[in-house]
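Enquirer: This is the structure I want to talk about, given as structure tokens.
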Amino acid sequence: MLIQIINLLLQVFVSIVAGACLLRCYIQWLGSNLGAGQIKSIGSYLFPLTNWIILPIRRIIPSLGRFDTASFLAAYVLVLGKTIILSWISGLIPLTASSLIITLIELLDLTISGLIWLVFASVILSWISAGSPIQYLISLLVEPLLRPIRRVIPNLGSLDLSPLVLLLILQVLQIILSNLK
């Protein structure tokens, strides 16, 4: 029971903080497509949540072009820390090559889960809050993922199936990742 409680608390903490680190990484990747005001508005939430882990890493490891290596590495370290703590509590060997690979798979799964939430938020906000600043920001984050799908599937007028196709692709990727674990 104690292990389950610790697992839950670690999962929530790591999902929020590592997810925010991954969002920072994604936003830097899209930086040229987002306006400075949009980055500043979301940054007011992300920076206080993630600066404590990203800034020390950033002093050592610089970004590679648009790829924010410090944010990605911070997310990886958080997921690895969770894996090590849970392995230690369970009495398993804490760090092996397989745990490094499992950590990478869990990080990819967290990334896909975050993208699924962004797609759902984009669709729901387009229905109930079209034109709002948050809907605009989430659309800016999701649009680069939808654009290639929209090129392939036919235009059905006002019915846009690209979010559904993207969700199916993301869920198939999650199934593949869960089988790799």
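The values are calculated or read from the model by the stated rules, or taken from the named source; none is laboratory data. Quantities reported herein were computed from a predicted structural model and do not represent experimental measurements. All Cβ positions, even for glycine, are placed from backbone atoms using ideal geometry, and neighbour counts span all protein chains on display.
Enquirer: Can you give me the number of residues within region 144-181 that are touching a residue at least 40 places away in the same chain (Cβ under 8 Å) and part of a helix (DSSP H, G or I)?
Expert: Number of matching residues: 11.
Enquirer: Within region 17-30, is even one residue modelled with pLDDT under 95 and of a type in the set (Phe, Trp, Tyr)?
Expert: Yes - at least one qualifying residue is present in region 17-30.
Enquirer: Let me ask something else about it. Determine whether region 85-107 contains at least one residue that is surrounded by fewer than 12 Cβ atoms within 10 Å (Cβ to Cβ), at pLDDT below 85 and closer than 23 Å to GLN174 by Cβ.
Expert: Checking region 85-107: at least one residue is surrounded by fewer than 12 Cβ atoms within 10 Å (Cβ to Cβ), at pLDDT below 85 and closer than 23 Å to GLN174 by Cβ.
Enquirer: Here's another thing I want to ask about it. Quick check on my filter: what residues within region 126-171 are surrounded by fewer than 10 Cβ atoms within 10 Å (Cβ to Cβ) and either touching a strand residue (DSSP E or B) at 6+ places or on another chain (Cβ under 9 Å) or within 19 Å of ILE116 (Cα to Cα) (or both)?
Expert: Result: TRP127, ILE128.
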